[in-house]
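Inspection log for the structure reproduced underneath, given as C-alpha cells.
Every number in this text was worked out from the coordinates using simple rules, so none of it is lab data. Since this is a predicted model, take the numbers as computed values, not measurements. We place every Cβ from the backbone using ideal geometry, glycine too, and count neighbours over all the protein chains shown.
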2 protein chains.
Amino acid sequence: MRGKRVEKREDLRTRLIEAAQARIAAGGLANLRARDITTDAGCALGALYNAFADLDTLILEVNARTLRRLYEEMTAALSTAGNHHGQMHLLAQTYLNFARREPNLWWALFQFHMSAQKQVPEWFSLEQAKLLTQITGPLAALQPKLNATQLIVRARTLFAAVHGIVSISLEQRFVGVPVETLDEELSRFIDLLLAGLPALGEN
Amino acid sequence: MRGKRVEKREDLRTRLIEAAQARIAAGGLANLRARDITTDAGCALGALYNAFADLDTLILEVNARTLRRLYEEMTAALSTAGNHHGQMHLLAQTYLNFARREPNLWWALFQFHMSAQKQVPEWFSLEQAKLLTQITGPLAALQPKLNATQLIVRARTLFAAVHGIVSISLEQRFVGVPVETLDEELSRFIDLLLAGLPALGEN
DNA sequence: GAACTATTTTGAACGCTGTTCACATTTCTA
DNA sequence: TAGAAATGTGAACAGCGTTCAAAATAGTTC
C-alpha cells in the first residue's frame, strides 16, 4: 500500500485537469466554475485548492496540455511537406484547423492572463517558445542572412501575424468577413509572405 | 427649467463613461468595479443601472470612444504621408504607438466580449469597419485588380496581421522578445508586405 | 492490531462581485 | 400647489473564488 497517497493525489490532479479541460472546451473560459469542475471530478470544492494553488494554476495546466497538442500537430504537419514553401503553408493551415476544431481551448491560451502579481511559470513560457522553433526551420532557408536571434524574432513576428488573422476571423469581431474564405485568404497571405521574404534581403 | 431631466441624465451618463474610462486606463478591464465607477462619478451604485443596461454596455461605450480616437489618429497620420508605401508604414506605426500609449484602453477593445446572448450593437460594428477603410485606400493602389469586396477582406487580413504582431509583443506573452526593436521589426514587416503585394498579382 | 501522527477531504462560511428593488427624492405637468 | 412621472438611493440578493476548522483517511511505530 506504499505510495497510495501520492497515487491518489496524482489521480485527483488529472481528474481535475480533465474536468476543467472538458468544461473549457464546452463553454469557454468565461463559463468555467470551480464548483462545476469539482462536481465533475467527484470531489469536494476545497479539494481543488489542495491539488492546485488556485483556479488560475489549474487553467494553466489545461493550457499547457493544449499547447503540447498543438505542438504535436504542427510537428506532424511539418514532416509531410516537401519544400519550405509547402511547410509554411502547412504550418499556417494546421494552426487554423486546430483553432477552428477546438476554438474554446485554443482561445483560452490567449484569453488567459495570470491575475495579480503572479507570474507565468518558466516551463510554460518555454513550452510557448517551442512552438516558434517550428517556424525557424523553413524560415532559415528563406532568409539565410539572418542569425539565430534574428530568426527567432522574425519567426515570432510571422507567427503573430498568422495568429492575428486567425483570431480576428474566428472571433468574428469585424463585420462582413466571410469565414468560409478564410482558408483561401490565409493561403494567399502566406503566398504574400513568401513572395516578400526574398525581397527583404538581409534584414 | 424644461429639459432639466434629460440634461441631468446625459450629464450622469458622460460622468459614468469618463469614470469608467479613467479606471480602465489606470487598472485595465480586469480591475474595473461598478462600485468604483459610481463612487468616482459621484452617484449611487444603482444609478449606473438607470443610465445603462449593465456594466458591459458602459464598457462598450468606453470602447466606442477609444475606437473613435484611434480612427482620428490614423486619419491624421494618413494625410501626412506622401506615397502609398509611406501611408502603410504610417498606419502601422500609428496603431503601434496608440497601443503603446494607452495599452489598457486599447487592450479593452479586444479583451471585451459581450457576455451571454447579448449581441454587440450594429453601430459598434460599423465603427470598427470604419477603421478598415483607412487601409483600403493605399491598398487599392497596390492591388489594382481587386474589387471592392476583395479589398475589404484583404484590408482586414493585413490589419489582423499587424494587430497580431503588436498585441503579442505588447502582451510580452512570448519570451525572448525585445520590445525595444518592435518598431524596427514592424517596419520590416510592412516592407515585407509591400514587397510581396505586387507579386501576388490579381489574387 | 492498536495507538499515534501526518496528510487529505469536506462543506459551511467569508469577502467580494454585478445586479435588483422598494422606497425616498426630484422634476415635470396641469 | 397637487399630482404624476421619472430618477436617485443603498440595503439586500445570488453567485463567485477562496479559506479553514473539523472529520476522515493513510502512513508509521510499537
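Residues considered: A:Gly86, A:Gly137, A:Gly46. Largest GNM mean-square fluctuation over chain A, using C-alpha springs under 10 Å, is found at A:Gly46. The mean count of C-beta atoms from other chains within 10 Å of the C-beta of residues in B:179-191, rounded to a whole number, is 3.
Of B:Ala22, B:Ala64, B:Ala47, the residue with the greatest mean-square motion in the GNM of chain B, using alpha carbon springs below 10 Å, is B:Ala47. Taking only C-alpha pairs under 8 Å that are 6+ residues apart, what is the relative contact order of chain A in percent? So the answer I get is 20 percent. What are the nm distances, shortest first, from A:Arg68 to its equivalents in the other copies, labels at 7 Å along Cα→Cβ? Ordered by increasing distance: 5.0 nm. In nanometres and ascending order, the distances from the B:Val6 label point to those of the other copies are 7.4 (point 7 Å from Cα along Cα→Cβ). Taking N as the residue count of chain B, its C-alpha radius of gyration divided by 2.2 N^0.38 Å amounts to 1.20.
To two decimal places, what compactness ratio does the stretch B:58-167 give when its Cα radius of gyration is scaled by 2.2 N^0.38 Å? Write out the running numbers ahead of the final one.
Details: Rg = 14.4 Å, N = 110, 2.2 N^0.38 = 13.1 Å.
Relative to the rule-of-thumb radius for its length, the stretch B:58-167 sits at 1.10.
With label points defined 7 Å past Cα in the direction of Cβ, position B:Ala34 shows copy-to-copy spacings of 2.2 nm, given to one decimal and shortest first. Each Lys and Arg contributes +1 and each Asp and Glu -1, all at the Cβ; summed about the Cα centre of the stretch A:1-123, the dipole is approximately 320 debye.
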